[in-house]
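Reviewing the structure listed below.
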Amino acid sequence: MVFDLVPFSPNELPSQILLRHAEVLMLTCHKCGAQKPATDFPPYHGYRRPCRTCINAASRERYAKNDHRRARHIAIMANQRAAKLGHPPVDIYVVERMLREATHCEYCGCAETPENPFGLEHRQPLGRGGTQELSNLTVACQRCNFAKHTSSEAEYCMWLRGIAERFSLSPAEAGA
Ligand SMILES: [Zn+2]
Ligand SMILES: [Zn+2]
């Protein structure tokens, strides 16, 4: 293969010339075997290189398999936040079990996906009089967690129902 690395214009930067080079240079992914332009590969100083699609798929898979460590991490982070607000910690193993056994989000009812993972949720936020009691703890998806923010369970569910009714959606579809 011959590469024409002559600049298009005298103003073309060396990096732009290299990028044009990378677009015509086809590399083979050692994972999926597909031939793709070098721009689809991360800078990788090795002989066997996977493409970005394969790298992303592998990291998603790793993330999904690692639910044990992820659950522990969530519990530890939640306890750190609670300690700052003067609340006692919750048992890490209890949180871990709640997260691993949860099959759906408490608020919108969706299933867990790598894009929308489950997290620990305080029905009544700690900052608004909520406690670390088990009765105040549940599992919610990330979308609900972000959208709920500092609203109480009742406030958030009302908001979710309002959106669902307005757009004739199910609460899971509205949980954005
Ligand atoms: Zn690949
Ligand atoms: Zn949800």
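The values are calculated or read from the model by the stated rules, or taken from the named source; none is laboratory data. All of these numbers come straight from a predicted model, not from anything done at the bench. Please note: Cβ atoms are built from the backbone with ideal geometry, for glycine as well, and neighbour counts cover all protein chains shown.
I need the full set of residues from region 87-97 which are assigned to a helix (DSSP H, G or I) and surrounded by 17 or more Cβ atoms within 10 Å (Cβ to Cβ), in order please.
Selection gives 95, 96.
Just for region 123-152: of the residues that are part of a helix (DSSP H, G or I) and touching a residue at least 40 places away in the same chain (Cβ under 8 Å), which one is nearest to residue 113 (Cα to Cα)?
Filtering region 123-152 for residues that are part of a helix (DSSP H, G or I) and touching a residue at least 40 places away in the same chain (Cβ under 8 Å), the one nearest to residue 113 (Cα to Cα) comes out as 148.
Quick one: is residue 100 touching an Asp or Glu at 6+ places or on another chain (Cβ under 9 Å) and surrounded by fewer than 18 Cβ atoms within 10 Å (Cβ to Cβ)?
Spelling it out, residue 100 is indeed touching an Asp or Glu at 6+ places or on another chain (Cβ under 9 Å) and surrounded by fewer than 18 Cβ atoms within 10 Å (Cβ to Cβ).
Restricting attention to region 116-158, which residues are of a type in the set (Lys, Arg) and farther than 13 Å from residue 106 by Cα?
Hit for region 116-158 is 128, nothing else.
List the pairs whose first member sits in region 52-64 and is closer than 10 Å to residue 114 by Cβ and within 16 Å of ligand 2 (Cβ to nearest atom), whose second member is assigned to a helix (DSSP H, G or I) and at pLDDT 75 or above, and whose Cβ atoms are under 8 Å apart, counting only residues at least 6 apart or on separate chains?
Hits for this filter: zero, empty list.
When region 100-111 is examined, which residues are found to be within 16 Å of ligand 2 (Cβ to nearest atom), in contact with a helix residue (DSSP H, G or I) (Cβ under 7 Å, 6 or more places away or on another chain) and farther than 16 Å from residue 136 by Cβ?
105, 108, 109, 110
Pull up region 24-42, narrow it to residues that are assigned to a strand (DSSP E or B) and either more than 8 Å from ligand 1 (Cβ to nearest atom) or in contact with an Asp or Glu (Cβ under 8 Å, 6 or more places away or on another chain) (or both), then point me to the one that is farthest from residue 55 (Cα to Cα).
26
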